[in-house]
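Report on the structure given below.
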Amino acid sequence: MKRDIFQAIADPTRRAILALIAIQALTPNAMAEKFDMTRQAVSKHIKVLQECELIKPEYSGREIYYHFNPKKMQEMDNWLAQFRKIWETQFNQLDKVLSTIKKHKK
């Protein structure tokens, strides 16, 4: 079952994992050391992130290093961009209304 990307990033631990591996690829053990949870709990978070293609595994000998997948984040940003335009338009309209009210109060 493929998970929803927004469900994946809704969890603060998964967001923290993404922030960590955006800087440097890490093994599950290295990630677990950064959190107050078991290696198994971290592995569950890794599984969700991997299912959503936010991270990619790379095998190096017996170790697995997880890398951040910026392409997937770009897809999400592209989707959010359509709403960003709407918000900017609404904020600009609100600025105009507030400016008009401010001028009338003088």
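The values are calculated or read from the model by the stated rules, or taken from the named source; none is laboratory data. All of these numbers come straight from a predicted model, not from anything done at the bench. Every residue, glycine as well, gets a Cβ built from its backbone with ideal geometry; the counts of neighbours run over all protein chains shown.
Here are the numbers for this structure:
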{"item": "Test: residue in the stretch 83-95 that is of a type in the set (V, I, T), outside the structural domain of R3 (by TED's automatic domain parsing) and out of contact with any Ser or Thr (no Cβ under 6 Å at 6 or more places or on another chain)", "result": "yes"}
{"item": "Number of the exception - I5 against (1) touching a Lys or Arg at 6+ places or on another chain (Cβ under 8 Å); (2) within 10 Å of Y66 (Cα to Cα)", "result": "(2)"}
{"item": "Single unsatisfied condition, E33 versus (1) in contact (Cβ under 8 Å) with a residue 60 or more places away in the chain; (2) farther than 15 Å from P70 by Cα", "result": "(1)"}
{"item": "Which numbered condition K72 misses (of (1) out of contact with any Asp or Glu (no Cβ under 9 Å at 6 or more places or on another chain); (2) of a type outside the set (S, T, Y); (3) in contact (Cβ under 8 Å) with a residue 60 or more places away in the chain)", "result": "(1)"}
{"item": "Entirely in the stretch 5-105, the helices (runs of 4 or more DSSP H) that have 3 or more residues that are modelled with pLDDT under 95 and among the acidic types (D, E)", "result": "70-105"}
{"item": "Subset of the stretch 6-33 (residues that are more than 18 Å from K56 (Cα to Cα) and surrounded by 13 or more Cβ atoms within 10 Å (Cβ to Cβ))", "result": "D11"}
{"item": "Residue within the stretch 66-85 that is polar (S, T, N, Q), surrounded by fewer than 13 Cβ atoms within 10 Å (Cβ to Cβ) and more than 21 Å from the chain's Cα centre (by Cα) present", "result": "no"}
{"item": "The listed residue being acidic (D, E) and within 14 Å of the chain's Cα centre (by Cα), out of E58, E63, E53, E33", "result": "E53"}
